[in-house]
Amino acid sequence: MKQQLKPIIIPVIADYVLSPIVIYGEDFTSINFETEDEEFGRITIQNMDAIKICRGELPPYDDPTEINDYIVGTWVYKVENSEWLQERYRYEKKYYELSYEWGNSVEEMLTDYTHYFFRFHDEFIEVIAKGFWYEQAKESFLGKPLTKNHPFLPIENCFTDELIIDDKKYFFKYNLSAVETLEKNTQFCQQKLIEVWLSLPKDDFIEGSLRIKNIKDQTISFYQPTFGKAIIIKKGIATIDDLKNYLKTK
């Protein structure tokens, strides 16, 4: 099957002429740019596997929208039938299958990762990652931390619930955003529903989080430990009771 671009519509539109600045770092990788309405935008990458920055005005993939139903302002795409993604999967499977990501399966490269294409005037940026998030502000994001309530950050709310299992005491922080909004936003990246903290003698520790993701247009709820293998909880939106039942049996 042919590689081709599928548009992803986001509310932040990059200026068509100006070049972006890519920041690659330990905390997060970001694409920084000026917007069409003379503000500033930033794309942050979730669980990046690979990145390419290339010169060129024309994309190296078929773009059906250019012929049929071009959408004004479109500059972010998914590369369907990506050969690069298959290449990265084969590499990870060959060299790291038995030690892949805290016991997770390398097969997630084919289910959870996407080949993204960000198009600018005379260059384009390609990324293989689990997702991305966008921000916009009146000032540049260069050198600045992620903004409040960014999905990559810990949940800021206070503890609102607890659970005691044997000698372990768990506390929970809820994402106060509407579940419908979080589910809609999974088209861009994974979203946290509930954060789980474990009470320790000297300090509290983020044990993991209940998250949702979008796999082939279906919402999946899963528990992601801070260190360890992700566990699927259910199809659809899981509740606090589903989470507590998992913690009681894990």
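The values are calculated or read from the model by the stated rules, or taken from the named source; none is laboratory data. Since the structure is predicted, the reported quantities are computational estimates derived from the model, not experimental observations. Cβ placement follows ideal geometry from the backbone for every residue including glycine, while neighbour counts extend to all protein chains displayed. Heads up: the accessible areas ignore ligands, DNA and RNA and are worked out on the full protein's heavy atoms, side chains in. Shrake-Rupley method; radii C 1.70, N 1.55, O 1.52, S 1.80 Å.
A few points about this structure:
- Residue in the stretch 141-152 that is in contact with a Phe, Trp or Tyr (Cβ under 8 Å, 6 or more places away or on another chain), open to solvent by 40 Å² or more (accessible area, probe 1.4 Å) and within 30 Å of Tyr91 (Cβ to Cβ) present: yes
- Residue check for Gly228: under 21 Å from Thr111 (Cβ atoms), part of a loop (DSSP other than H, G, I, E, B) and open to solvent by less than 30 Å² (accessible area, probe 1.4 Å): yes
- The stretch 184-217, residues that are within 19 Å of Thr114 (Cα to Cα) and open to solvent by less than 70 Å² (accessible area, probe 1.4 Å): Asn185, Thr186, Phe188, Cys189, Gln190, Gln191, Arg211, Ile212, Lys213, Asn214, Ile215
- Residues in the stretch 30-58 that are without any contact (Cβ under 8 Å) to a residue 24 or more places away in the chain and either part of a loop (DSSP other than H, G, I, E, B) or of a type in the set (Val, Ile, Thr) (or both): Glu38, Leu58.
- Check on Glu26, under 14 Å from Lys130 (Cα atoms) and open to solvent by 20 Å² or more (accessible area, probe 1.4 Å): no
- Test: residue in the stretch 211-222 that is touching a helix residue (DSSP H, G or I) at 6+ places or on another chain (Cβ under 9 Å), aliphatic (A, V, I, L, M), in contact (Cβ under 8 Å) with a residue 12 or more places away in the chain and closer than 23 Å to Lys78 by Cβ: yes
- The stretch 13-23: number of residues that are outside any loop (DSSP other than H, G, I, E, B) and either open to solvent by less than 50 Å² (accessible area, probe 1.4 Å) or basic (Lys, Arg) (or both): 2
- Pairing residues of the stretch 130-144 that are outside any strand (DSSP E or B) and of a type in the set (A, V, I, L, M) with residues that are open to solvent by 40 Å² or more (accessible area, probe 1.4 Å) and modelled with pLDDT of 95 or more, at Cβ distances under 9 Å and at least 6 apart in sequence or on separate chains, gives Leu142/Ile21; Leu142/Ile23; Leu142/Phe40.
- Single residue of Glu123, Glu107, Glu34 found to be over 30 Å from Pro145 (Cβ atoms), among the acidic types (Asp, Glu) and open to solvent by 30 Å² or more (accessible area, probe 1.4 Å): Glu107
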